[in-house]
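Input: a single structure, listed below in structure tokens.
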């Protein structure tokens with residue numbers, strides 16, 4: 001227990017243990033676990049070479065055809081993040097103050113949720129410049145033999161899902177080689193959860209008016225129809241998505257994700273718990289922080305398609 005520790009070194013160890021317990025209490029997955037891949041770095045400025053297309057297999061007639069793959073380079077700047085709390089020393093040192101321990105546990109455990117907030121805020125803003133100088137989600141990406149369109153303004157519906165899946169499966173490199181992209185996950189917020197499950201379930205609702213099938217307006221009846229999307233995609237509900245945004249993503253390829261997190265220092269607990277520390281000396285308070293040095297950046301645009309408006 002952190003509470004009631006008379007040995008300050010022991011309190012430090014207890015705090016670290018409490019962080020690990022709280023941080024790992026929820027096995028997830030969280031959105032950042034799905035959409036991002038971590039790369040470790042010791043640098044402040046991370047230069048990342050990207051090879052966008054590779055030659056495909058061709059029949060060997062005459063001399064070999066040597067292609068120079070199109071290469072890009074991204075530079076990402078590591079940023080520092082923190083969340084901090086301070087508690088009265090007497091509250092912390094008092095026996096039986098379980099409420100303080102619970103407060104610390106919630107504070108520490110919410111760090112994983114904070115990562116998801118950072119990630120989704122950046123995706124929704126859609127201001128990241130990907131390796132091809134377009135935003136991660138864009139109406140057109142260059143150097144592809146397909147449209148390179150992975151951005152839509154359509155609300156989530158059966159037809160929008162059908163269009164998005166078809167677009168992803170048509171993604172090609174600049175030589176016309178299909179990239180074998182097919183969405184595995186449908187990502188929504190709580191407001192879209194029921195609709196997402198209807199669209200990916202065994203049967204989907206079909207609304208009918210006097211003229212036949214109807215989206216939602218002038219509905220006079222409803223029926224169900226077998227759903228071609230059944231079993232195609234896993235519905236992932238992210239509480240941090242507050243609106244009607246949605247995305248589909250191909251998360252089947254190891255190491256290939258729409259987002260990359262470059263990590264110099266992983267989130268870790270830090271505390272000021274010495275009697276001579278400034279906060280204790282001036283205000284009789286102990287201070288606790290969670291700190292880390294990392295940055296989220298765009299990854300493979302081909303693995304995501306969606307609406308962020």
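The values are calculated or read from the model by the stated rules, or taken from the named source; none is laboratory data. Worth saying up front: this structure is predicted, and the values here are computed from it rather than measured. Methodologically, a virtual Cβ is constructed for each residue, glycine included, from the backbone with ideal geometry; neighbour enumeration extends over all protein chains shown.
Report, by residue number, each residue of region 136-147 that is surrounded by 17 or more Cβ atoms within 10 Å (Cβ to Cβ) and in contact (Cβ under 8 Å) with a residue 60 or more places away in the chain. Write out each step before concluding.
Of all residues in region 136-147, those surrounded by 17 or more Cβ atoms within 10 Å (Cβ to Cβ) come to 136-138, 141, 144, 146.
Across region 136-147, the qualifying residues are 136, 137, 138, 141.
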Within region 28-42, does at least one residue satisfy the condition of being in contact with a strand residue (DSSP E or B) (Cβ under 7 Å, 6 or more places away or on another chain), buried (at least 19 other Cβ atoms within 10 Å of the Cβ) and either modelled with pLDDT under 90 or within 20 Å of residue 91 (Cβ to Cβ) (or both)? no
I'm checking my understanding of the structure. Among residues of region 290-304 that are assigned to a strand (DSSP E or B) and out of contact with any helix residue (DSSP H, G or I) (no Cβ under 7 Å at 6 or more places or on another chain), which one is surrounded by the fewest Cβ atoms within 10 Å (Cβ to Cβ)? 291
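Only one of these is within 32 Å of the chain's Cα centre (by Cα) and free of Cβ contacts under 8 Å to residues at least 24 places away in the same chain: 269, 254. Name it. Even if it seems obvious, please write down each step before you answer.
Details: 269 fails: free of Cβ contacts under 8 Å to residues at least 24 places away in the same chain.
Unique residue meeting the criteria: 254.
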Quick one: in region 272-289, of everything that is surrounded by fewer than 21 Cβ atoms within 10 Å (Cβ to Cβ) and part of a strand (DSSP E or B), which residue is modelled with the lowest pLDDT? 272
May I ask you to list pairs of residues, at least six apart or on different chains, whose Cβ atoms are under 8 Å apart, with the first in region 74-88 being in a loop (DSSP other than H, G, I, E, B) and the second being surrounded by 14 or more Cβ atoms within 10 Å (Cβ to Cβ)? 78/41; 78/46; 78/262; 78/264; 78/293; 78/294; 78/295
Of everything in region 98-120, what is in contact (Cβ under 8 Å) with a residue 60 or more places away in the chain and either under 20 Å from residue 300 (Cβ atoms) or within 16 Å of the chain's Cα centre (by Cα) (or both)? Give them in sequence order. 111, 112, 113, 115, 116, 117, 118, 119, 120
Check off (1) outside any strand (DSSP E or B); (2) modelled with pLDDT under 90; (3) over 17 Å from the mean Cα position of the chain (by Cα) for residue 140 and give me the number that stays unchecked. (2)
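Return yes when residue 88 is at pLDDT 80 or above, within 24 Å of residue 274 (Cβ to Cβ) and out of contact with any helix residue (DSSP H, G or I) (no Cβ under 7 Å at 6 or more places or on another chain) and no when it is not.
Working: at pLDDT 80 or above: yes; within 24 Å of residue 274 (Cβ to Cβ): yes; out of contact with any helix residue (DSSP H, G or I) (no Cβ under 7 Å at 6 or more places or on another chain): yes.
For residue 88, the condition - at pLDDT 80 or above, within 24 Å of residue 274 (Cβ to Cβ) and out of contact with any helix residue (DSSP H, G or I) (no Cβ under 7 Å at 6 or more places or on another chain) - is met.
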Looking at residue 164 and the list (1) modelled with pLDDT of 90 or more; (2) over 19 Å from residue 303 (Cα atoms), which single condition is not satisfied? (2)
